[in-house]
Amino acid sequence: MAESTEKTGDKKLSITTSKTLTLKPRGSETGVVRQSFSHGRTKSVVVEKVRSRTPGKAEAAPPPAAAPATPAKRPAAPGGKAAAAPSPAAPAPKPSGVVLHTLTDEERSRRAHALGDARLREAEERKIAEEDARIREQRAAVERAERAAAEARKREEDERRKHDEEVKHKADEVAKKRLGGEEAATTTTTTTVARPGVRPVVTPEEDDEAPRARRPGAGRPVLAPKPTRTVVQQKPRGRLTVVTAFKADEEPEHSVAAFKRRIQRRKKEMVAEPKEKLVREVTIPEVITIQELANRMAEPARSVIAILMKQGQMMKITDSIDADTAQLIAEELGHTVKRVAESDVEEGLFDVADDPEALEPRPPVVTVMGHVDHGKTSLLDTIRSTEVAAGEAGGITQHIGAYQVTSPSGSKITFIDTPGHAAFTAMRARGARVTDVVVLVVAADDGVMPQTVEAINHAKAAKAPMIVAINKIDKPDAKPERVRTELLQHEIQVESLGGDVLDVEVSATKKINLDKLLEAIGLQSELLDLKANPARPAEGTVIEAKLDRGRGPVATVLVQRGTLRTGDIVVAGAEWGRARALVSDTGLPVSSAGPSTPVEVLGFAGTPDAGDRLAVVHSESRAREVTDYRARQKREKTAARASGMRGSLEQMMAQVKTSGRKEFPLVIKADVQGSNEAIAGALEKLGTDEVAARILHSGVGGITESDIRLAETSNAAIIGFNVRANKEAREAAERAGIEIRYYNIIYNLVDDVKQAMSGLLAPSVRETLLGNALILEIFKVSKVGSIAGCRVTDGTVERGANVRLLRDNVVIHEGKLSQLKRFKDDVREVSAGQECGMAFENYQDMKVGDVIECYRSETVQRSL
């Protein structure tokens with residue numbers, strides 16, 4: 001708080017300031033407003049009014065001259081306010097103590113520059129304002145035109161409605177005239193009774209219709225006051241926009257779309273014609289859900305459910321019904337039905353007839369078959385100049401392979417090499433189905449063997465011509481004539497013995513007569529006249545399939561018809577995919593494969609089964625439809641096999657016979673699908689009525705953690721054939737204590753599993769007869785019981801041995817000897833011809849003439 005004093009005459013003036021000193025802008029006026037509140041409360045508020053500054057005037061005015069001196073302050077008023085009393089002669093207010101200097105050239109230039117910028121901004125803002133005004137004017141014009149058009153349409157609608165009402169009114173009047181004037185008069189005429197002193201009140205219509213019916217002297221009728229409409233001011237709704245601001249004073253009106261909808265509703269009400277029911281052709285499979293059936297008929301699902309409820313079936317929309325019930329429902333709703341089977345999805349996939357003019361010659365497919373270790377793969381290696389046999393484990397072929405070679409004549413021949421071991425029966429059968437010619441390899445020093453006979457049967461079942469290749473003729477003990485003679489026992493008569501079967505004596509190691517073998521194959525293929533159409537979608541057979549770690553599922557396919565190209569959508573069994581790459585038998589990538597060409601196909605979503613037929617389809621939806629059906633069929637077969645469904649009487653007896661047998665659980669992983677199939681078949685043959693191998697899971701590829709978890713939960717053994725477990729699987733197996741067995745020869749695998757299964761067999765009890773004794777006398781001994789006096793007729797009788805008591809050759813008791821005495825002395829055994837005394841454990845009913853049979857029981861471990 002500051003205080004200043006100044007003496008003026010005899011009085012002492014004081015100035016007291018209790019507020020914060022502030023600078024007030026020029027051109028502002030300050031006032032005090034007093035506010036009143038309830039309960040007599042008031043409040044003073046200082047209000048400052050700032051006058052707007054006109055741009056351009058202050059800058060244009062010349063600067064005022066500097067005041068020579070600051071005027072003295074006048075004494076303050078008693079109320080604390082300064083009393084300002086300027087001299088009336090002064091035309092302008094005095095300056096408030098601020099000294100203004102003359103502006104420099106730099107300040108003038110800055111002010112001029114600022115003034116120019118301000119004028120430019122003003123001009124730009126003026127242009128923007130003019131553009132906005134023009135746009136608003138255009139919008140207003142468009143809106144006015146739309147409103148005018150809407151009003152015109154509304155007027156036309158009112159006129160049309162008025163015209164319709166007039167026509168309707170005239171029609172009603174004509175109808176009333178026809179009905180009779182009396183009824184019209186009674187219904188339309190109203191009488192009014194005037195009371196004295198009261199003027200009648202009539203409506204304007206009555207006043208206009210009967211002006212002449214008034215009686216003379218009557219007063220003028222009083223018209224009823226018209227009701228006044230009160231217009232309620234509605235609050236504006238919605239956001240405030242430019243359009244709503246311009247339309248604030250206008251009356252709300254309906255949009256053009258609302259007007260069109262109203263017209264359409266009226267037309268529908270006026271023209272209420274019943275719609276004609278659409279009759280559809282409904283495709284019904286063997287099983288269909290209620291929802292799907294309703295969608296195909298374009299009917300509501302509640303209609304289908306209502307029909308089922310009438311039939312006494314309470315079902316939901318997701319329930320399935322059979323084809324017969326669906327057909328009855330569709331026919332009741334007025335639709336036509338087309339019955340299809342679920343297997344129809346495979347129609348047109350295979351065996352489509354070719355145009356005979358488009359057929360071209362193709363290479364023959366030759367399958368090499370025979371007994372194990374008769375030289376099939378070595379013969380092919382010599383022809384192909386490779387060493388496939390050296391790479392096979394144990395020197396035996398355990399995979400099916402397909403190769404293409406060029407004969408000396410220049411023609412191509414496709415060879416399929418099959419395993420000869422007994423476990424690979426399915427592989428040999430698969431090779432025989434896709435072949436044109438079968439080459440039966442028989443060793444000259446070994447003759448016809450069991451798998452040779454099996455190969456002959458496969459060739460006969462496939463109805464393929466046969467060529468006999470008698471191999472190993474370079475050995476000293478080779479006897480080709482013996483081979484020809486043994487073949488006669490199986491109805492194979494070679495040309496040298498007057499038959500029609502070609503035979504060639506060859507040696508794979510010495511390369512003897514290989515050209516004659518190829519010549520015989522070419523001659524046989526010419527007789528068959530093999531042709532195919534390469535200009536069509538490919539069809540073929542999966543020879544082998546495996547899961548490669550770097551390439552994914554790989555299928556070895558023999559193309560039989562058409563041409564397989566990279567990018568084709570292929571279906572094989574329950575798997576489909578796009579052919580990402582094609583690899584020839586030499587390991588080189590190719591872009592296409594024609595008929596009778598073996599290739600490896602990459603791009604399947606999963607590993608197909610060996611023996612599946614392959615086909616090219618036009619779209620992914622078609623491929624997905626076919627594979628879904630096949631996968632469903634596969635699941636149903638597996639479930640039926642696992643649940644043990646009742647079948648024929650033989651199946652029921654087999655189930656009863658094997659109901660109590662033990663199982664040896666296994667998890668098998670192999671390198672290719674064919675080996676997996678061969679292992680499963682070989683282990684299945686090991687089963688007996690007491691024990692059998694149960695394969696929980698078999699697949700292609702390495703052993704994974706999921707396999708370990710499955711083996712852990714089911715207490716199963718894990719077998720890997722030509723595959724290994726990854727690091728995570730090995731660690732999981734070590735933690736769970738599960739042993740993983742690796743094999744590369746199928747003999748060893750089958751032998752180990754057979755030995756392990758033998759351990760599950762219950763041991764057998766073997767009886768060894770020791771001797772017989774005849775009871776001659778029965779002695780009763782106190783505290784001991786009955787003792788039989790016997791003579792040993794043959795063999796020996798031992799104490800503690802098992803005995804049987806026979807009476808008239810019927811066993812009446814089995815037990816053990818408790819005592820064996822001779823002349824009151826206990827002995828260990830009694831020989832034939834000697835007499836002794838015997839006592840049984842817990843048995844006393846013995847008679848003279850009974851025979852005692854003494855034997856020893858031994859437990860023997862069984863094996864398969």
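The values are calculated or read from the model by the stated rules, or taken from the named source; none is laboratory data. In this text the structure is predicted, and so the values were computed from the model without any measurement. Please note: Cβ atoms are built from the backbone with ideal geometry, for glycine as well, and neighbour counts cover all protein chains shown. SASA here: full protein model, heavy atoms, side chains in, ligands and nucleic acids out. Shrake-Rupley method; radii C 1.70, N 1.55, O 1.52, S 1.80 Å.
If only residues of segment 819-864 that are under 30 Å from Q755 (Cβ atoms) and in a strand (DSSP E or B) are counted, the one that is most open to solvent (accessible area, probe 1.4 Å) is T859. Taken over segment 579-625, the residue count meeting the criterion of being assigned to a loop (DSSP other than H, G, I, E, B) and either out of contact with any Pro (no Cβ under 7 Å at 6 or more places or on another chain) or of a type in the set (V, I, T) (or both) is 14. Taking the criterion of being loosely packed, with under 15 Cβ neighbours inside 10 Å and either basic (K, R) or assigned to a strand (DSSP E or B) (or both), the only residue of segment 684-693 that qualifies is K685. Note on segment 445-473: residues that are on the phi > 0 side of the Ramachandran plot and touching a strand residue (DSSP E or B) at 6+ places or on another chain (Cβ under 6 Å) amount to 1. The residues of segment 481-508 that are crowded, with 19+ Cβ neighbours inside 10 Å, of a type in the set (G, A, S) and either under 21 Å from D436 (Cβ atoms) or in contact with a helix residue (DSSP H, G or I) (Cβ under 8 Å, 6 or more places away or on another chain) (or both) amount to a single one, A508.
When residues in segment 700-714 are screened for being out of contact with any Asp or Glu (no Cβ under 6 Å at 6 or more places or on another chain) and over 15 Å from P665 (Cα atoms), 6 of them pass.
In summary, S675 fulfils each of the numbered conditions (1) more than 22 Å from I543 (Cβ to Cβ); (2) in a helix (DSSP H, G or I) with the single exception of condition (1). Of the residues in segment 654-671, at least one is at pLDDT 80 or above, among the charged types (D, E, K, R) and in a loop (DSSP other than H, G, I, E, B).
The set of residues in segment 736-757 that are farther than 23 Å from D548 by Cα, open to solvent by 80 Å² or more (accessible area, probe 1.4 Å) and in contact with a strand residue (DSSP E or B) (Cβ under 8 Å, 6 or more places away or on another chain) contains only E739. Among the numbered conditions (1) at pLDDT below 85; (2) within 58 Å of the chain's Cα centre (by Cα), the only one that G499 does not meet is (2).
Please determine, by comparing only the residues of segment 584-616 that are of a type in the set (V, I, T) and over 13 Å from L564 (Cβ atoms), which one is modelled with the lowest pLDDT. Across segment 584-616, the extreme among qualifying residues is T586. Scanning segment 453-494 for residues that are assigned to a helix (DSSP H, G or I), touching a residue at least 24 places away in the same chain (Cβ under 8 Å), under 47 Å from the mean Cα position of the chain (by Cα) and closer than 20 Å to I521 by Cβ yields A455, I456, H458, A459, A462.
Within segment 773-789, is even one residue over 15 Å from Y855 (Cβ atoms), open to solvent by less than 70 Å² (accessible area, probe 1.4 Å) and in contact with a Leu (Cβ under 6 Å, 6 or more places away or on another chain)? The answer is yes; a qualifying residue exists.
Selection within segment 694-735: residues that are part of a strand (DSSP E or B) and touching a Phe, Trp or Tyr at 6+ places or on another chain (Cβ under 8 Å). The member of this set that is surrounded by the fewest Cβ atoms within 10 Å (Cβ to Cβ) is R694.
Let's see how each residue does on (1) in contact with a His (Cβ under 8 Å, 6 or more places away or on another chain); (2) basic (K, R):
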position: K662; (1), (2): no, yes
position: L666; (1), (2): no, no
position: S675; (1), (2): yes, no
position: G681; (1), (2): no, no
position: V691; (1), (2): no, no
position: R694; (1), (2): no, yes
position: T704; (1), (2): no, no
position: I708; (1), (2): no, no
position: E712; (1), (2): no, no
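Mind listing whichever residues of segment 462-480 are basic (K, R) and surrounded by fewer than 20 Cβ atoms within 10 Å (Cβ to Cβ)? Within segment 462-480, K463, K475, K479 meet the criteria.
Before we move on, is V792 open to solvent by 40 Å² or more (accessible area, probe 1.4 Å) and either more than 60 Å from the chain's Cα centre (by Cα) or in contact (Cβ under 8 Å) with a residue 40 or more places away in the chain (or both)? When the stated conditions are applied, V792 does not pass them. Given the structure, is R613 within 15 Å of E544 (Cα to Cα), among the charged types (D, E, K, R) and open to solvent by 30 Å² or more (accessible area, probe 1.4 Å)? Taking the combined requirement at face value, the residue satisfies it.
Kindly indicate whether any position in segment 772-783 is touching a residue at least 24 places away in the same chain (Cβ under 8 Å) and outside any strand (DSSP E or B). No, every residue in segment 772-783 fails to be touching a residue at least 24 places away in the same chain (Cβ under 8 Å) and outside any strand (DSSP E or B). In segment 553-578, the residue that is least open to solvent (accessible area, probe 1.4 Å) out of those that are over 16 Å from A532 (Cα atoms) and assigned to a loop (DSSP other than H, G, I, E, B) is G573.
Among the residues of this structure, A432 counts as one that is assigned to a helix (DSSP H, G or I), crowded, with 19+ Cβ neighbours inside 10 Å, at pLDDT below 85 and among the aliphatic types (A, V, I, L, M). Restricting the search to segment 528-552, which residues are surrounded by 16 or more Cβ atoms within 10 Å (Cβ to Cβ) and not in a loop (DSSP other than H, G, I, E, B)? A532, P537, E539, G540, T541, V542, I543, E544, A545, K546, L547, G552, listed by residue number.
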